[in-house]
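Take a look at the structure below.
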Amino acid sequence: MFESKEQFKQAFIEKIQTLFGQSLEESSTAARYVALSTLIREIISKRWYQSNQQYSISKEKQVYYFSMEFLLGRLLGSNLFNLGMTEVCCQGLKELGIELTELEAVEHDAGLGNGGLGRLAACFLDSMASLHLPGHGTGIRFRHGMFEQKIVDGYQVELPDNWLRDGYVWETRKVDRAVTVKFGGNVQMEEQGGRLIAIHENYEPVLAVPYDVPIVGANCNTVNTLRLWSAETNNFDFSSFSKGDFLKAVEEKYSLEATSQILYPDDNYPEGKTLRLKQQYFFVSAGLQSIVRRYKRTHGGSPADLGIFHKKIAIHINDTHPALAVPELMRILMDEESLDWDQAWHVTRNTISYTNHTILPEALEKWPIELVKTLLPRMYMIINELNERFCAALWQRYPGDWERIRSMALIADGYVHMAHLAVVGSYSVNGVAEVHSNILKNEVMAPFHEFFPYRFTNKTNGVTHRRWLAKANPQLAALITATIGPGWMAHPDELANLHRFAHDGALQNEIKAVKQANKERLANYIQAKMGIAIDVGSIFDVQVKRIHAYKRQTLNALHILDLYNRLKADPGLDIEPRTFIFAGKSATGYYLAKRIIKFINTLAQVINNDPAIGGKIKVIFLENYSVSLAELIIPAADVSEQISTASKEASGTGNMKLMMNGAITIGTLDGANIEIKDEVGDDNIVIFGLTAEQVMNYYKYGGYNVLDVYNNNPRLKLAVDQLINGFLPVSPDEFDCIHHSLMRTNDEYFVLKDFANYAVAQERINNLYGKQRCWQSMAINNIAFSGRFASDRTVSEYAIGIWKIKPVVIREN
Ligand code: 26W
């Protein structure tokens, strides 16, 4: 740590000299970024070592969070923040004529995730370390993360994300910790010494090499580990090579290494590719092998020692993507550690816990039997045995009820059902918001809930207030501290003390000024990036998230079109000026979502260039939504659009980040919006639309006819017609698919059904914004009651309720 600015400056300058052989003056911004980050890493390393030592010595239970995705974003700023060094570095650099923010901007986002699920994993890592919990991440070191999105002529274009191009200062390659993962081949059971032994032959070995990233907790006490696995091979096929077939040798190498090359850019929209299953087994197997190895070092390696593995290790699976952890832990315990089936099953069932993040039927993972059999023959054998035993237990309980047994089987209809595997193989299953957990229990997983009533719980999501409030919005953080003291940083519940000041005129003015500054910062970015000037006095109305039919960007867009129509008809229409800001990526193969992007951009083109409406509304689609772009947009938002079809959004986490930054939610009673409403009260949120129950009743019993709504609402009818009647400057069939999804398949997501109520809710937003005192008090109340949505609260609920782990305070030694 640095005692003073002077000490920091000296160390920084020396680091540039030793790393690059350059003086400060000669160094580039990129070199300065590397020097600063390296310096910080060295400080972290000491605590990292001490944390690991302490974990080994104390022998406390450890949790491993297995996730296909960790959407970390940039680490320099958050590491500095958690080390408490932002100020000294910022001031020291300033004296050297350098802006810290400029150096931060050099870092490539670690975009190793799609959206909610991946960012949640990153927030949890931050909270675990900050709460001194011995919790680590296990995932994949994708060579290419989430694609970079460009908008060209209004369309999404995908470019590869080459985030490792300039190296990654935060990682350490641990080649001595590499393990082998086996694919394909065949497995024979042989009897040896009275035991059945599995012999796996003719497999394709892939070397899994771990890269460790330190996860620094607040106040730099605990440093945990995110271990990301990379598929490598150093064995060229020398037989081909020596025969002169160089290409074949290289080809083989690349096909093996392909496993960790690319993140599938699918969010709630699976593509079911073989390589994806390979990725899943790859990191699950490597992760478990390395955990068992460490366990044996710390706790002993006899079968009796392994028989109590679950008392010292918890493994959490983030959705079903790592569900192969169930059969893989069985395999390791039986085939490598000589436990028998019953012992291995006891340990496995008490080690693994599972979170479900989606109930969209199309997003529930299932893999064709043949694929699992050929790619992972040993996994298939174990799953098959698990299935037989489970079905036998079901038969005992429900004799003759074939339909129920089929609907719950791990293997049925030609597929392995990963959610069933995850539920059966774990001791805890949770949803991510109250309404979502209830839907799991009462609908989607009702038969499982009936069979395992105590296994199901709820753990409402949260986000780290350190990144999403303190770091992303430092001026707001300073204002909060000046008002209620610094306690909220360690105890975000204390934000509630702000409530007393909701009507304090002075604070309201200051809150407004901070928001204004953030809006100006975003406006400058938009001007620089897109050449569009936006009115910083207008309402910044923000919908930023993946593009998906159920999230209903279409509802927002149709309302904008309607507003535009009304403004055209009556240019004197008295509304608050508004800037509608969108950002988000579509899955590459998701045709409808891609056309929704084009639709929004077409609206932007028409509306932003129409002088007749006097600049009252503007539409902006910001390209390449990412963690760092979110950090720029969210602090500038006045309105938070959370308008998914009720029952569809498991929780949402953007809703939490936005409220934490004082935005007012316009939303449906879906996911965590319901709990946000419960916290802030009806006066501080604008709710509209069908409830989850109403939506599900329509699905079950029918009764919704889109044509009725369409024919009875002339404003809506006009906007829907404008999709296809040549009104928009695109080819006439450009938006056929959007129109079709609304009108021809009876509007699966109830866009038309909710439209009228949404328009009324938007008018309410307009009127509330007009009453600035009222609006600012709402903003303050939203910040005040966001404490419940800090991931520190969520993670402590997991620690106490699921993982049964205790904090370990790291001592300096
Ligand atoms: C196989 C394709 C696929 C890929 C990703 C299916 C499903 C997923 C994820 C589970 C989707 C996801 O990110 N779900 C989101 O999880 C967030 C964190 O819990 C929630 O806040 C969001 O509501 C939920 O959509």
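The values are calculated or read from the model by the stated rules, or taken from the named source; none is laboratory data. Because the structure is a prediction, the values reported are computed rather than measured. Note: ideal-geometry Cβ built from the backbone for every residue, glycine included; neighbour counts use all protein chains shown. The accessibility values were calculated without ligands, DNA or RNA, using every heavy atom of the protein model including side chains. Shrake-Rupley method; radii C 1.70, N 1.55, O 1.52, S 1.80 Å.
Is it the case that some residue within segment 61-69 is surrounded by fewer than 21 Cβ atoms within 10 Å (Cβ to Cβ) and within 30 Å of Pro807 (Cα to Cα)?
Going through segment 61-69, the residues surrounded by fewer than 21 Cβ atoms within 10 Å (Cβ to Cβ) turn out to be 61.
So of that shortlist, the ones also within 30 Å of Pro807 (Cα to Cα) come out as 61.
There is at least one residue in segment 61-69 that is surrounded by fewer than 21 Cβ atoms within 10 Å (Cβ to Cβ) and within 30 Å of Pro807 (Cα to Cα).
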Would you say Arg119 is within 16 Å of the ligand (Cβ to nearest atom), of a type outside the set (Val, Ile, Thr), closer than 29 Å to Phe283 by Cβ and modelled with pLDDT of 95 or more?
yes
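Test of understanding: among Gly77, Gly111, Gly118, Gly73, which residue is buried (at least 16 other Cβ atoms within 10 Å of the Cβ), over 30 Å from Ala323 (Cβ atoms) and among the small types (Gly, Ala, Ser)? If you could, list the steps in order and put the result at the bottom.
Working: Gly111 fails: over 30 Å from Ala323 (Cβ atoms); Gly118 fails: over 30 Å from Ala323 (Cβ atoms); Gly73 fails: over 30 Å from Ala323 (Cβ atoms).
Criteria check complete, one pass: Gly77.
Going by what's in this entry, would Tyr168 be described as open to solvent by less than 60 Å² (accessible area, probe 1.4 Å), within 24 Å of Ser45 (Cα to Cα), in a strand (DSSP E or B) and of a type in the set (Phe, Trp, Tyr)?
Working: open to solvent by less than 60 Å² (accessible area, probe 1.4 Å): yes; within 24 Å of Ser45 (Cα to Cα): yes; in a strand (DSSP E or B): no; of a type in the set (Phe, Trp, Tyr): yes.
No.
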Could you list, in sequence order, the residues of segment 524-553 that are closer than 19 Å to Glu641 by Cα and open to solvent by less than 10 Å² (accessible area, probe 1.4 Å)?
Ser538, Ile539, Phe540, Asp541, Val542, Gln543, Ile547, His548, Tyr550, Arg552, Gln553
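Residue by residue, here is whether (1) crowded, with 18+ Cβ neighbours inside 10 Å; (2) more than 16 Å from the ligand (Cβ to nearest atom) holds:
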position	(1), (2)
Met334	yes, yes
Asn350	no, yes
His357	yes, no
Glu370	no, yes
Glu388	no, yes
Ala393	no, yes
His417	yes, no
Ser437	yes, no
Can you tell which of Ser23, Ser56 is free of Cβ contacts under 8 Å to residues at least 12 places away in the same chain, open to solvent by less than 50 Å² (accessible area, probe 1.4 Å) and small (Gly, Ala, Ser)?
Ser23
Residue list for segment 6-20, restricted to those being buried (at least 17 other Cβ atoms within 10 Å of the Cβ) and closer than 19 Å to Asp166 by Cα
Lys15, Ile16
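If I filter segment 596-609 for residues that are among the charged types (D, E, K, R), assigned to a helix (DSSP H, G or I) and surrounded by fewer than 24 Cβ atoms within 10 Å (Cβ to Cβ), do I get at least one hit? First the steps, then the outcome.
As a first pass, look at segment 596-609 and keep what is among the charged types (D, E, K, R): 598.
From the residues that got through so far, the ones that are assigned to a helix (DSSP H, G or I) too are 598.
Checking which are surrounded by fewer than 24 Cβ atoms within 10 Å (Cβ to Cβ) leaves us with 598.
Checking segment 596-609: at least one residue is among the charged types (D, E, K, R), assigned to a helix (DSSP H, G or I) and surrounded by fewer than 24 Cβ atoms within 10 Å (Cβ to Cβ).
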Can you say whether Glu679 is farther than 25 Å from Asn767 by Cβ, among the charged types (D, E, K, R) and open to solvent by 10 Å² or more (accessible area, probe 1.4 Å), as far as the supplied structure shows?
no
Sort out which residues of segment 424-438 are over 22 Å from Ala325 (Cα atoms) and over 21 Å from the mean Cα position of the chain (by Cα), and write them in order of number.
Asn438
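Please verify whether segment 269-288 includes one or more residues that are of a type in the set (A, V, I, L, M), open to solvent by 10 Å² or more (accessible area, probe 1.4 Å) and within 15 Å of the ligand (Cβ to nearest atom).
Narrowing segment 269-288 to residues of a type in the set (A, V, I, L, M): 275, 277, 284, 286, 288.
If we keep only those that are open to solvent by 10 Å² or more (accessible area, probe 1.4 Å) as well, we get 275.
Filter once more, keeping what is within 15 Å of the ligand (Cβ to nearest atom): 275.
Checked against the condition, which is being of a type in the set (A, V, I, L, M), open to solvent by 10 Å² or more (accessible area, probe 1.4 Å) and within 15 Å of the ligand (Cβ to nearest atom), segment 269-288 yields at least one hit.
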Report every pair of residues separated by at least 6 positions or lying on different chains whose Cβ atoms are under 6 Å apart, first residue within segment 404-430 and in a strand (DSSP E or B), second open to solvent by 10 Å² or more (accessible area, probe 1.4 Å) and of a type in the set (Val, Ile, Thr).
Asn430/Thr457
Of the conditions (1) more than 15 Å from Val326 (Cβ to Cβ); (2) open to solvent by 20 Å² or more (accessible area, probe 1.4 Å); (3) away from the ligand (no atom under 16 Å from the Cβ), Glu362 clears all except one; give me its number.
(3)
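Restricting segment 183-199 to residues that are part of a loop (DSSP other than H, G, I, E, B) and closer than 26 Å to Lys278 by Cβ, which is most open to solvent (accessible area, probe 1.4 Å)?
In the first step, residues of segment 183-199 are kept if they are part of a loop (DSSP other than H, G, I, E, B); the result is 184-185, 193-194.
Those left that are additionally closer than 26 Å to Lys278 by Cβ: 184-185.
Values: Gly184: 14, Gly185: 35 Å².
For segment 183-199, the residue satisfying everything is Gly185.
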Open to solvent by 40 Å² or more (accessible area, probe 1.4 Å) and either under 29 Å from Ser628 (Cα atoms) or within 16 Å of the ligand (Cβ to nearest atom) (or both): does that describe Arg47?
no
Select, from Ser644, Ser626, the only residue that is within 16 Å of the ligand (Cβ to nearest atom) and over 29 Å from Ala496 (Cβ atoms).
Ser626
Restricting to helices (runs of 4 or more DSSP H) lying wholly in segment 289-356: which have 1 or more residues that are basic (Lys, Arg)?
309-312, 325-331, 341-349
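Return yes or no: is Leu76 more than 22 Å from the chain's Cα centre (by Cα) and not acidic (Asp, Glu)?
no
Can you say whether Asp493 is in contact with a Ser or Thr (Cβ under 9 Å, 6 or more places away or on another chain) and either at pLDDT below 95 or of a type in the set (Asp, Glu) (or both), as far as the supplied structure shows?
Working: in contact with a Ser or Thr (Cβ under 9 Å, 6 or more places away or on another chain): no; either at pLDDT below 95 or of a type in the set (Asp, Glu) (or both): yes.
In short, no.
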Candidate set from segment 670-685 (those that are in contact with a helix residue (DSSP H, G or I) (Cβ under 8 Å, 6 or more places away or on another chain) and more than 14 Å from the ligand (Cβ to nearest atom)); member that is farthest from His499 (Cα to Cα)
Ile685
Return the residue satisfying two criteria in turn: it lies in segment 543-556 and is of a type outside the set (Phe, Trp, Tyr) and assigned to a helix (DSSP H, G or I), and of such residues it is nearest to the ligand (Cβ to nearest atom).
Lys551
Among the residues of segment 235-287 satisfying the criterion of being farther than 30 Å from Ala593 by Cβ and charged (D, E, K, R), which is modelled with the highest pLDDT?
Glu257
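Does Glu251 satisfy the condition of being farther than 27 Å from Ile313 by Cα, more than 15 Å from the ligand (Cβ to nearest atom) and surrounded by 16 or more Cβ atoms within 10 Å (Cβ to Cβ)?
Numbers: farther than 27 Å from Ile313 by Cα: yes; more than 15 Å from the ligand (Cβ to nearest atom): yes; surrounded by 16 or more Cβ atoms within 10 Å (Cβ to Cβ): no.
No: the conditions fail for Glu251.
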When segment 687-698 is examined, which residues are found to be under 24 Å from Phe789 (Cβ atoms), surrounded by fewer than 21 Cβ atoms within 10 Å (Cβ to Cβ) and touching a helix residue (DSSP H, G or I) at 6+ places or on another chain (Cβ under 8 Å)?
Ile687, Phe688
Checking Gly137 against (1) buried (at least 22 other Cβ atoms within 10 Å of the Cβ); (2) more than 16 Å from the ligand (Cβ to nearest atom), which test does it fail?
(2)
Would you mind finding the one in Phe750, Phe755, Phe727 that is surrounded by fewer than 20 Cβ atoms within 10 Å (Cβ to Cβ) and closer than 27 Å to Gly154 by Cβ?
Phe727
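For segment 372-385, name all the residues that are open to solvent by 10 Å² or more (accessible area, probe 1.4 Å) and either free of Cβ contacts under 8 Å to residues at least 60 places away in the same chain or within 21 Å of Met334 (Cβ to Cβ) (or both).
Residues of segment 372-385 open to solvent by 10 Å² or more (accessible area, probe 1.4 Å): 373-375, 377-378, 380-381, 384-385.
Scanning segment 372-385 gives Lys373, Leu375, Pro377, Arg378, Tyr380, Met381, Asn384, Glu385.
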Restricting the search to segment 658-671, which residues are within 17 Å of Lys771 (Cβ to Cβ) and either outside any loop (DSSP other than H, G, I, E, B) or among the hydroxyl-bearing types (Ser, Thr, Tyr) (or both)?
Ile664, Ile666
